[in-house]
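The values are calculated or read from the model by the stated rules, or taken from the named source; none is laboratory data. Everything numeric in this text was worked out from a predicted model, so none of it was measured. For neighbour counting, all protein chains shown are included, and Cβ atoms are generated from backbone atoms with ideal geometry for every residue, glycine included.
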Amino acid sequence: MNTTLSASPSSTKRGVAVPWGLLAAIAALLAVLMLPTPEGLSTSGHRMLAILVFAVVVWVTETVSYEVSCIAIMTLIALMVGFAPVVTLDASRGFVSENPDVLLGTSKAMGMALAGFSNTAWSLVAGATFLAAAMSYIGLDRRIALVILNIVGTSTKRILIGIVLVTIVLSLFVPSATARVACIVPIMSGVVAAYGVEKRSRIAVGIFIMVAQATSIWNVGIQTAAAQNLLTTGFMQSHIGHQVSWFDWLIAGGPWSVLMSIVLFHLVLKLLPPEADEVPGGKEAIAAELRALGPTPANQWRLLIITCVLLFFWATGGGLLHSIDTTTVTAVGLTVLLLPIIGVINWKEVQKRAPWGTILVFGVGISLGSALLNTGAGKWLGDWVVQSAGLETMSPFMIFAVMTAFLIVIHLGFASATAMASLFMPIMIVMFHVIGESNAALTPQVQLGLSMLLGFAISYGFILPINAPQNMVCLGTETFNSREFAKVGVPLTVIGYLLMLVMALTYWPLLGWI
């Protein structure tokens with residue numbers, strides 16, 4: 001999330017990079033504003049569409065960091081919507097009328113720009129990053145990874161299996177894809193070094209591509225594994241009134257992730273066959289690192305117990321055993337983590353280790369989606385997409401097939417799944433509501449299910465290293481290049497999409513999601 005690319009190789013005479021992407025974003029914003037306000041769209045809605053276009057361009061080009069772009073988006077909402085007339089919307093948040101004599105005001109518009117920070121999903125993401133900080137601070141994530149690899153073994157095939165197992169376990173305990181990869185990469189670098197093989201050997205290439213791709217695969221299966229999942233559930237709660245529980249998400253997405261982990265294993269062995277099946281030294285290296293950690297200290301045992309209790313309450317919520325929501329459960333766990341004596345981390349360490357940029361981007365992402373809906377822009381855009389694509393006559397399966405393909409393709413231009421979810425999920429949720437008004441097959445339950453299933457597709461970052469921060473962390477090891485990553489990623493994407501279509505015809509209808 002915090003990965004920032006240079007704006008452009010072009011520069012001024014003083015050597016300062018010209019922010020072409022930012023200039024293009026500003027030009028796009030002005031171009032949309034200069035267009036006549038479409039019929040059925042409010043002035044503030046028109047301006048929000050301009051801000052949406054600005055966000056798309058600035059996020060795709062990455063000419064400035066996500067944090068800076070988010071501050072700019074908040075400012076644009078406060079000024080441009082603040083000086084727009086007050087809007088009256090209908091129950092479905094479509095434009096009814098506006099009073100040109102009464103402006104909304106910058107104070108209320110800024111409140112709209114900050115609304116995401118009062119969303120329960122934002123609180124859950126913030127809490128999850130603090131939990132990941134505690135894991136990293138006391139080294140429990142590293143110990144878990146080493147224990148699993150030590151048990152599995154270190155032949156080349158066993159290492160690949162071990163990577164998947166480590167990814168699954170850490171996905172349960174560390175709710176940050178980048179943090180999980182940052183933990184695994186040094187361990188696997190040590191294993192590669194112990195093997196005495198070249199960094200560009202197929203063994204090393206396969207290991208680090210496996211780390212990145214397995215992480216993206218399990219972002220689909222576990223709700224709390226990725227910020228975009230929590231953003232999706234936040235929009236569900238805000239705009240549908242219901243959300244999918246942690247357990248229901250696992251039941252729906254877990255089987256896909258299991259099957260795709262098997263596919264990934266065989267793709268890596270087939271497309272990047274290792275030079276040898278057995279390479280001496282890896283087992284001893286893992287065992288030595290584990291011994292160097294010493295006995296498990298009391299604070300790691302406490303954190304392990306706390307996170308296991310959190311997992312239990314996450315998995316049994318939604319009325320299965322209790323009615324405590326996921327965010328509240330997380331808040332209780334964090335309170336225990338931060339308390340003196342029984343806790344494992346203090347606030348100063350949290351401040352040092354928490355990814356505040358991610359927390360900022362997540363809150364602004366929710367605000368952007370909410371502002372699109374609260375000005376009527378989301379409803380107008382959803383209507384336009386439905387009519388243009390002819391979605392109103394399609395079955396739920398065909399809607400899922402078309403929209404999933406769209407998200408997979410559009411992801412090629414994004415380096416942040418959170419940004420994608422911020423831009424597209426609120427519009428899609430409104431779109432489902434529009435279709436549901438004339439299509440009886442799109443019941444509220446199916447609308448909720450489609451929102452979750454399309455949330456799965458947002459985690460597709462398999463083709464280009466730049467498509468996900470965890471890919472970039474692995475690319476930084478300099479063991480593979482973009483061509484090798486795509487060599488595995490393209491068939492992985494195609495197979496993953498086809499498998500989702502099969503599950504949409506067979507498994508997910510049994511669960512009532514489609």
Need the failing condition index for residue 435 against (1) at pLDDT below 90; (2) closer than 14 Å to residue 216 by Cβ; (3) assigned to a helix (DSSP H, G or I), just the number.
(2)
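State whether one or more residues within region 59-81 are polar (S, T, N, Q), touching a residue at least 40 places away in the same chain (Cβ under 8 Å) and part of a helix (DSSP H, G or I). Explain how you work it out, then say what you get.
Going through region 59-81, the residues polar (S, T, N, Q) turn out to be 61, 63, 65, 69, 75.
Okay, now just the ones that are also touching a residue at least 40 places away in the same chain (Cβ under 8 Å), so 61, 63, 65.
This time we only want the ones that are part of a helix (DSSP H, G or I), so: 61.
Checked region 59-81: at least one residue is polar (S, T, N, Q), touching a residue at least 40 places away in the same chain (Cβ under 8 Å) and part of a helix (DSSP H, G or I).
If you go through region 27-58 one residue at a time, how many are in a helix (DSSP H, G or I) and in contact with a helix residue (DSSP H, G or I) (Cβ under 7 Å, 6 or more places away or on another chain)?
Residues of region 27-58 that are in a helix (DSSP H, G or I), as a first pass: 27-34, 43-58.
Within this subset, residues satisfying the condition of being in contact with a helix residue (DSSP H, G or I) (Cβ under 7 Å, 6 or more places away or on another chain) are 28-29, 32-33, 44-45, 47-58.
Here the count works out to 18.
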Considering only region 344-383, state which residues are of a type in the set (Gly, Ala, Ser), surrounded by fewer than 20 Cβ atoms within 10 Å (Cβ to Cβ) and more than 20 Å from residue 72 (Cβ to Cβ).
354
Take region 243-275 and flag every residue that is touching a helix residue (DSSP H, G or I) at 6+ places or on another chain (Cβ under 7 Å), assigned to a loop (DSSP other than H, G, I, E, B) and surrounded by 14 or more Cβ atoms within 10 Å (Cβ to Cβ).
243, 244, 272, 274
Within region 39-89, considering residues that are over 19 Å from the mean Cα position of the chain (by Cα) and aromatic (Phe, Trp, Tyr), the one surrounded by the most Cβ atoms within 10 Å (Cβ to Cβ):
54
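Looking at this structure, is residue 184 of a type outside the set (Asp, Glu) and crowded, with 19+ Cβ neighbours inside 10 Å? Give the derivation first.
Values: of a type outside the set (Asp, Glu): yes; crowded, with 19+ Cβ neighbours inside 10 Å: yes.
So residue 184 passes the test.
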Identify all residues within region 305-341 that are farther than 19 Å from residue 231 by Cα and of a type in the set (Phe, Trp, Tyr); write none if there are none.
312, 313
Find the helices (runs of 4 or more DSSP H) located wholly in region 448-514 whose residues include 1 or more that are at pLDDT 90 or above and either surrounded by fewer than 19 Cβ atoms within 10 Å (Cβ to Cβ) or not hydrophobic (A, V, I, L, M, F, W, C) (or both), and list them.
482-505, 507-511
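Given the options 153, 190, 139, name the one that is surrounded by fewer than 18 Cβ atoms within 10 Å (Cβ to Cβ), on the phi > 0 side of the Ramachandran plot and either touching a Pro at 6+ places or on another chain (Cβ under 6 Å) or at pLDDT below 85 (or both).
Details: 190 fails: on the phi > 0 side of the Ramachandran plot; 139 fails: either touching a Pro at 6+ places or on another chain (Cβ under 6 Å) or at pLDDT below 85 (or both).
After applying the criteria, what remains is 153.
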When you scan region 200-213, do you find a residue that is more than 15 Å from residue 485 (Cα to Cα), touching a residue at least 12 places away in the same chain (Cβ under 8 Å) and surrounded by fewer than 22 Cβ atoms within 10 Å (Cβ to Cβ), even just one?
no
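Tally time: how many residues in region 156-166 are crowded, with 20+ Cβ neighbours inside 10 Å and in contact (Cβ under 8 Å) with a residue 60 or more places away in the chain?
Step one: of region 156-166, the residues crowded, with 20+ Cβ neighbours inside 10 Å are 156, 159-160, 162-164, 166.
Filter once more, so that each one left must be in contact (Cβ under 8 Å) with a residue 60 or more places away in the chain: 156, 159-160, 164.
Here the count works out to 4.
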